[in-house]
1. Put a dot 7 Å past each Cα toward the Cβ at Arg52 and Ser110; how far apart are the dots in nm?
2. In the chain, what percentage of the DSSP-assigned beta bridges are antiparallel, given to the nearest 5?
3. Could you look at region 154-242 and say what percent of its accessible area is carbon and sulfur, using a 1.4 Å probe and all protein chains?
4. Within region 41-176, what percent of beta bridges assigned by DSSP are antiparallel, to the nearest 5?
5. In debye to the nearest 20, how big a dipole does region 160-258 give about its Cα centre with +1 on each Lys and Arg Cβ and -1 on each Asp and Glu Cβ?
6. Name the residue from Met179, Cys118, Val15 whose Cα lies farthest towards the positive end of the charge dipole of the chain, charges +1 on Cβ of Lys and Arg and -1 on Cβ of Asp and Glu.
7. Taking only DSSP H segments of four or more residues, each worth -39500 (n - 2.57), what value at 222 nm results for the chain once the sum is divided by all its residues, to the nearest 500 deg cm²/dmol?
8. Using Cα-Cα distances under 8 Å and only pairs 6 or more residues apart, what relative contact order does the chain have, in percent?
Amino acid sequence: VRAATASAGRLKQSVARWCYAKIAIEDLCRAASDMGITGMDLVAPEDWPVLRKYGITPAMVQGAGTFNDGWNNKANHDKLEEQARTSIARAADAKVPNVITLFGARRGMSDQEGIDNCITGLSRVKKFAEDHGVTLCIELLNSKVDHKDYQGDHTSFGVAVVKAVDSPRVKLLYDAYHMQIMEGDLIRTIRENIQYIAHFHVAGVPGRHEIDDTQEVQWRTVAKAIADLNFPGYIAHEFVPTRDPLTSLKQAVELLTV
């Protein structure tokens with residue numbers, strides 16, 4: 001009996017390119033397509049045609065800012081606006097749904113000031129994103145293990161920004177690996193805030209490796225909860241495999257096929 005592929009499930013699955021950097025893009029696309037994966041995250045524009053050949057959408061692409069220099073600092077707004085507009089226009093031309101952007105490092109700033117600055121900055125680009133039909137996704141990251149001093153490290157911070165910007169084209173990239181480290185309580189948080197979320201990332205905690213029984217989250221249960229909310233976006237595998245990469249990916253895909 002052939003294992004169920006992602007396309008048999010209720011969620012659209014994607015995979016982060018950087019986690020499989022050693023595999024040639026063509027080979028990765030072929031393997032992903034065979035598994036029923038329909039998206040790929042963080043792929044450079046020159047590789048988008050290869051993805052399309054295999055029926056794979058560039059699901060989340062580079063947008064604006066860095067982990068340290070994001071929308072929470074007004075001094076970055078002019079540069080970020082320019083980067084965002086360029087990325088959004090390029091994505092729209094290629095029928096790419098989402099571009100990624102970041103909150104930035106705290107550097108002693110209060111949450112309220114950071115939130116206010118993000119709202120001001122993102123409000124400058126929301127109309128452009130709406131007009132182009134591309135969603136700007138701000139990523140939630142952990143500040144405990146991987147991204148020291150990152151300000152957007154709790155769901156509540158991101159939701160406060162997205163709620164106030166109030167655009168169908170400015171939403172959160174809810175990285176469940178990062179949020180498990182910071183706050184846990186994944187399913188309840190997702191249910192309460194699903195309208196502010198456009199995209200998910202998953203990886204095993206601790207360690208950011210396989211989402212199997214070597215780690216602490218029941219990812220299949222999380223996936224069912226997301227699917228039960230009729231989530232229309234992608235859930236992307238962003239773990240670093242410790243074993244044969246494509247075997248690990250295939251097992252992960254089967255786990256999230258709900």
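1. Distance between label points: 4.9 nm.
2. Details: 1 of 30 bridges.
Roughly 5 percent of the DSSP beta bridges within the chain come out antiparallel.
3. On the way: 1600 of 3420 Å².
Of the solvent-accessible surface of region 154-242, carbon and sulfur hold 47 percent.
4. 10 percent
5. Values: 10 positive and 13 negative charges, 65 e Å.
In total the dipole reaches around 300 debye.
6. Going by the Cα projections, it comes out as Val15.
7. On the way: 10 runs with 101 residues, N = 258.
Calculated at 222 nm, the ellipticity per residue is -11500 deg cm²/dmol.
8. Numbers: 529 pairs, mean separation 52.9, N = 258.
Result for the chain is 21 percent.
The values are calculated or read from the model by the stated rules, or taken from the named source; none is laboratory data. On a predicted model such as this, the values are computed, not experimentally measured, just so you know. Glycine gets a Cβ as well: all are built from the backbone with ideal geometry, and neighbour counts include every protein chain shown. Remember, those area values only see protein heavy atoms, side chains included, never the ligands or the DNA or RNA. Shrake-Rupley method; radii C 1.70, N 1.55, O 1.52, S 1.80 Å.
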